[in-house]
Amino acid sequence: MFKKTNNPGTVLIVGETIDGRLSAGSRDLAKQARSIAEQIGGEPVGVLIGHKIEQAAQSWSKAAGISVIVLDHAQGRYPNPPMTASGVEALADECSPLAVCFPHSMRACQAAATLAWRIKAPCITAVDAIFKENGHFALNRAILGGKLCETVSTGNTPMILTIMPGIFSRSASPDGPDRSLSVETRLVTDADQRFIPQAVNSQSHTDQALERAQVVVAAGRGLGGPEHRDLLDAAAAMFKSAAVGGSRGACDQGWLPHTRQIGETGRTVSPALYLACGISGAPQHLAGMRESRTIVAVNTDPKAAICNAAHYAVIEDLTVFLPTLRERYDKMTIKGETV
Amino acid sequence: MAFSILVCIKAVPDLASGGELILAGRWIDETAIGWCMNHYDTHALEAALAIKDATPDVRVDALSAGPDRVRDTIRRAVAMGADAGIHLAMNAGGRLSPAIIAMAISSYVRTRNYDLILTGVMSEDDMHGVTGPLIAAALDRPCAAAAVEILPDMSDRSLAATCEMEGGMAEIVRLPCPALVTVQTGRRIPRYPSLSNTLRSRRQLIEQVVPAPIADHMPIAETRRVAFPQRTSACRFIEGTVIEKADTLLRLFNDNGWLK
Ligand SMILES: Cc1cc2nc3c(=O)[nH]c(=O)nc-3n(C[C@H](O)[C@H](O)[C@H](O)COP(=O)(O)OP(=O)(O)OC[C@H]3O[C@@H](n4cnc5c(N)ncnc54)[C@H](O)[C@@H]3O)c2cc1C
Ligand SMILES: Nc1ncnc2c1ncn2[C@@H]1O[C@H](COP(=O)(O)O)[C@@H](O)[C@H]1O
């Protein structure tokens, strides 16, 4: 699997499966695999961890355009970070990679940290750019909720990285001659017996309003309190097809139901219009809505990260702006006035 | 038998307090902003205090590593109900890497035997999401990440943690103690300091520990610079009075045929 001759170095791309299926983060990582390896200057080799995942591995390999090593263990049915770390450690021993790249999920961060600790390698998470600077690898990552971007560098390999979704994706299919892709399965023998999976809740949502809506009116902590929930409903009612959603910040407060949470750990939406009111635009929120066709931010802070992702921004207090918007709309529809 | 919990709390820039983010060297001007307890850590502390409320003979300590300013955050943890506060005195003159923090905290923990260590899932300023798992790796303890609920079982000194995965999926895992769990925000709103605990926090000594110098450590990535992000989409800031802004948006909505 690891080519010995003229090998510029291997870049391990590590994916997770959940009950036999690729996790969303891993599906996304597949699209990024070859560009990531190119940025680093190595040959990508996929590593997929789970139990009975031949099929998932085949499709992951095809989507990424890379060969894949499956690490199989009965305890890997759900993401198992200590097992992932052990399995990848053995592979890293074998091929001395330039980098080991995980998707940026919390389970993968745990696996990355465990691996980094064991092999004494630098661990850099939530990477959104990779380049070379003064002979060292330089990586960009968002800090302070996306308000700032930091550049870190390291001269050590392997680097253990977790990669933000959607950053290095290529729309075109893998270029170059058709590669013959192989999928090879190895059994993992060693698993940490102290991490004991019990059960999985995957609430199947019957509430599909967010996915169906043409317009999503979303609120964050900037909403200020449950008493302002009406403002969202009133705004949503202006549209032909709209649903109300929110950031984790707003849902944790109980201002909106958890089924309406948008982001990495919530729903993913891509409506024609996403109206983000009082949402700061943390990377985990953007993960669930950045594909929206038009993004409009209403925020008191012109430096909020959401403004970097938005097409239009209105710098106003939402408790003033949303009622005004509704009033102007009513005026327009009642009088037939054109605005 | 007694059960002891250590909660790792970090003092982070309080962006809601209205201070300005001013770049200074490879970091921000720390004097221009206020500090508060990392949001995720308030949830970790709340989780620990909830266990203490529900179970006899549970002790909760709160620890923060950093310069003297973190002592206010530790005091806040005592005011919320922690039994004791510990300050791991580390002067960074900037930021501390998760590996350095994990080494300092793990070597402190080796001197006390905590049954359970809680950290936040992520710090709001550095956003690494690895310090908890690194501490667990350093101590060779089982670790569960992104827990929204923790149920200890004192009969066999284990715990069940409900851990978030993606898209609303959650997994329940069981860990034997001593263990480490990283805590994600959840529906339980962290409590406010009570008057009696606030008074106690003012009197109580916050223990200061100077970590032993770290000899051999994992290579760390060095921060080269921080910057305001480049605008990726050409965002158009809509100008005018509130009414003009509303009208501009309505025109946009109308032109696209989204309005009723
Ligand atoms: C593992 C993990 C998973 C996560 N998953 C998700 C997820 O799925 N979805 C998600 O959303 N988050 C998620 N988060 C949390 C995320 O990091 C942020 O903490 C969260 O998105 C912040 O929510 P917010 O923007 O509502 O609040 P804040 O960051 O507090 O922002 C509030 C915003 O409102 C603005 N504002 C304040 N008052 C007003 C006003 N009157 N009018 C207008 N604007 C105002 C402020 O300027 C600010 O920009 C996750 C975090 C982790 C660690
Ligand atoms: N200086 C510190 N002192 C105490 N705990 C910390 C410190 N830095 C990080 N932590 C803990 O580690 C968690 C994750 O931080 P991070 O890895 O930076 O995202 C935080 O939520 C804290 O619980």
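Summary table below
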| item | result |
| --- | --- |
| For chain A: relative contact order, % (alpha-carbon pairs under 8 angstrom, 6 or more apart) | 13 |
| GNM top mover of A:Pro197, A:Pro44, A:Pro81 - chain A, alpha-carbon springs below 10 Å | A:Pro197 |
| About the Cα centre, charge dipole magnitude for segment A:209-334 (Lys/Arg +1, Asp/Glu -1 at Cβ), debye | 280 |
| Tail fraction, Cα-Cα pairs, segment A:111-150, threshold 12 Å, whole percent | 65 |
| Zone of A:Val200's modelled label, taken as backbone nitrogen in segment A:68-95 under 17 Å from a point 7 Å along Cα→Cβ | A:71-84 |
| Kirkwood hydrodynamic radius of segment A:10-187, from inverse mean 1/r over distinct Cα pairs, in Å | 16.0 |
| Taking all pairs of distinct alpha-carbon atoms in segment A:85-141, Kirkwood radius in angstrom | 12.2 |
| Student exercise, chain B dipole from Lys, Arg, Asp, Glu Cβ charges, in Debye to nearest 20 | 360 |
| Per-selection Kirkwood Rh - chain B (Cα, Å, 1 d.p.) | 20.3 |
| Within the protein assembly as shown, helix-based [θ] at 222 nm, where runs of 4 or more DSSP H residues each add -39,500 (n - 2.57), nearest 500 | -8500 deg cm²/dmol |
| Förster radius 35 Å - calculated FRET efficiency between B:Glu20 and B:Ile243, Cβ distance, rounded to 0.05 | 0.75 |
| Relative packing of peptides B:253-260, B:33-40 - highest average C-beta neighbours within 10 Å first | B:33-40, B:253-260 |
| Long-range tail of P(r) for segment B:160-260 (Cα pairs > 15 Å, %) | 85 |
| Sites A:Ser169 and B:Thr111, calculated FRET efficiency, Cβ-Cβ separation with R0 41 Å, nearest 0.05 | 0.30 |
| Compactness index (Cα Rg / 2.2 N^0.38 Å), segment B:1-40 | 1.67 |
| Among beta bridges that DSSP assigns inside chain B, antiparallel share in %, nearest 5 | 40 |
| Segment B:60-88-segment A:196-253 distance, computed between alpha-carbon centres (Å) | 36 |
| Residue-wise HN-Hα coupling along segment A:318-330, computed from phi with Karplus coefficients 6.51, -1.76, 1.60 (Hz; x: Gly, Pro) | 5, 6, 9, 6, 4, x, 5, 4, 5, 4, 5, 5, 4 |
| Kyte-Doolittle at least 1.6, axis length at least 15 Å by Cα - qualifying DSSP helices, chain B | none |
| Largest-first principal axis extents, alpha carbons of segment A:278-338, Å | 42, 23, 14 |
| Distance (nanometres) between label positions extended 7 Å along Cα→Cβ at B:Leu195 and A:Asn134 | 5.8 |
| Length-normalised contact order for segment A:209-334 - Cα pairs under 8 Å, 6+ apart - percent | 24 |
| Cα Rg, Dmax, the protein assembly as shown, angstrom units | 24.3, 77 |
| Hypothetical label at B:Ala89: residues of segment B:182-221 whose amide nitrogen lies under 19 Å (7 Å Cα-Cβ projection) | B:204-214 |
| Listed residues B:Gly240, B:Gly94, B:Gly186, most fluctuating in chain B (Gaussian network, C-alpha, under 10 Å) | B:Gly240 |
| Burial ordering of A:Lys120, A:Lys31, fewest other beta-carbon atoms within 10 Å first | A:Lys120, A:Lys31 |
| Residue with peak Gaussian network fluctuation, chain A [Cα springs, cutoff 10 Å], from A:Glu227, A:Glu316, A:Glu150 | A:Glu227 |
| Point-to-point label distance, B:Asp140-B:Asp153, nm (Cα→Cβ direction, 7 Å offset) | 2.5 |
| Mean projected area (nm²) of the alpha-carbon convex hull when segment A:209-334 is viewed from all directions | 6.7 |
| Whole-number D in µm² s⁻¹ for chain A, Kirkwood Cα-pair radius fed into Stokes-Einstein, 25 °C, 0.890 mPa s | 113 |
| Per-pair calculated FRET efficiency, R0 = 60 Å: A:Ala237 and A:Leu187 via Cβ, rounded to 0.05 | 0.55 |
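Every read-out reported here was derived from the displayed coordinates using simple, explicitly stated rules and does not represent laboratory data. Computed from a prediction, not measured in an experiment: that's the story for all the values here. Positions of Cβ are generated from backbone atoms using ideal geometry, with glycine treated the same way; all protein chains shown enter the neighbour counts.
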